[in-house]
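This report refers to the structure that appears directly beneath it.
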Amino acid sequence: MIKRRAVNIAIGLALALGFSAAATADEVYIPLISKGFQHQFWQAVKSGAEQAAKDFNVKVSFEGPETEAMVDKQIDMLSAALAKKPKAIGFAALDSKAALPLLKKAQAAHIPIVAFDSGVDSDIPVTTAATDNKAAAALAADKMAELIGKEGEVAVVAHDQTSRTGIDRRDGFVERMKAYPKIKIVSIQYGGGDQLKSTEITKSILQAYPHLKGAFGTNEGSAIGVLNGVKEMKRKLVIVGYDSGKQQKDAIRDGSMAGAITQNPVGIGYKTVEAAVKALKGEKLPKVIDTGFYWYDKSNIGDPKIAAVLYD
């Protein structure tokens, strides 16, 4: 028993020393390919990844397409990252199916993939660092139901129907609303997370449904689009958002947005890099690393616990 334990300790030391040597002699490079760059959310994820890179003595890069509608560009970025033969890759899929051929290529080359923010419909990623988006959107639905008196028409302006986050936030909200028989979801539209497109979509929904009582925007761009559309149409509506950013926080403080779900983007970035390092050391990882979420509104936006996970 003692002998076996000694052998295990020796193997552990060898792995640690080997990894440390690789980090100095042959720098450990881990590119992170995000879904975009236009939202403050991604800047916060980037800062978390960069902090982890310092803590674990690895090199990271962080990039994403200009908008979250640019699936082809993201695939090109993933392909370019693979060509650099990195030790591991962090990937937030815009389209979980479109990325599969490249992810299979990475797997064949023994390059661990850590999914972040948005999972992939595959067992290739060694883990996924993300918010439980279904549960978070269900909480958004409960809050919306309370705010509109548990009856009336509501709409959803989602960022997409191809990423895991887009699907789970939509479905989490829709499924929970079934618990409120007097609430009817009259429209679900997709604005690609783009503020301008989401504004126009919101205006068209408001024209079609003059008695609409509430709208849910499933990410930062969608929520701001809903907010702007409602303002331009001079309508009164209960708006529930997702993520934070300066505009959303200002809207919640002035009452034009009722509240929103915030994630922990710095934690997502940090945990992605940490998981990649652990994978390279051969450590066992959970299938999902739940990075948490919170509801915030005017009543708790100043709470230190909430303020710590809000971002500008």
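The values are calculated or read from the model by the stated rules, or taken from the named source; none is laboratory data. Bear in mind the structure is a predicted one, so any value in this text is a computation, not a measurement. With ideal geometry, Cβ positions are generated from the backbone for all residues, glycine too; neighbour counts draw on all protein chains shown. SASA here: full protein model, heavy atoms, side chains in, ligands and nucleic acids out. Shrake-Rupley method; radii C 1.70, N 1.55, O 1.52, S 1.80 Å.
Brief remarks follow.
- Enumeration of residues in the range 240-259 that are in a helix (DSSP H, G or I) and either in contact with a strand residue (DSSP E or B) (Cβ under 8 Å, 6 or more places away or on another chain) or in contact (Cβ under 8 Å) with a residue 12 or more places away in the chain (or both): LYS246, GLN247, GLN248, LYS249, ALA251, ILE252, ARG253
- Pairs linking a residue in the range 73-96 that is at positive phi and surrounded by fewer than 19 Cβ atoms within 10 Å (Cβ to Cβ) to a residue that is among the aliphatic types (A, V, I, L, M) and at pLDDT 95 or above, with Cβ atoms under 9 Å and 6 or more positions apart or on different chains, are LYS85/ALA109; LYS85/ILE111.
- Selection of the range 42-72 for residues being in a loop (DSSP other than H, G, I, E, B), without any contact (Cβ under 8 Å) to a residue 40 or more places away in the chain and out of contact with any Ser or Thr (no Cβ under 7 Å at 6 or more places or on another chain) yields ASN57, PRO65, GLU66, MET70.
- Subset of the range 41-71 [of a type outside the set (A, V, I, L, M), open to solvent by 20 Å² or more (accessible area, probe 1.4 Å) and within 19 Å of the chain's Cα centre (by Cα)]: GLN43, LYS46, SER47, GLU50, GLN51, SER61, PHE62, GLU63, GLU66, THR67
- Considering the conditions (1) at negative phi; (2) crowded, with 23+ Cβ neighbours inside 10 Å; (3) of a type outside the set (Val, Ile, Thr), ARG253 is excluded by exactly one of them, (2).
- Figure legend. Inter-residue proximity from the range 260-286: first residues over 21 Å from PHE62 (Cβ atoms), second residues modelled with pLDDT under 95 and surrounded by fewer than 24 Cβ atoms within 10 Å (Cβ to Cβ), beta-carbon distance below 6 Å, spacing 6+ or different chains. Indicated pairs: LYS281/LEU15; LYS281/PHE19.
- Any chance LYS298 is under 24 Å from ASP142 (Cα atoms), surrounded by fewer than 22 Cβ atoms within 10 Å (Cβ to Cβ) and either modelled with pLDDT under 95 or hydrophobic (A, V, I, L, M, F, W, C) (or both): no
- When the test is whether a residue is closer than 17 Å to ALA69 by Cβ and of a type in the set (D, E, K, R), LYS197 passes it.
- Looking only at residues of the range 165-195 that are in contact (Cβ under 8 Å) with a residue 40 or more places away in the chain and touching a strand residue (DSSP E or B) at 6+ places or on another chain (Cβ under 8 Å), we find that the one that is farthest from LEU100 (Cα to Cα) is PHE173.
- Selected residue (only one of GLY214, GLY229 is open to solvent by less than 20 Å² (accessible area, probe 1.4 Å) and part of a helix (DSSP H, G or I)): GLY229
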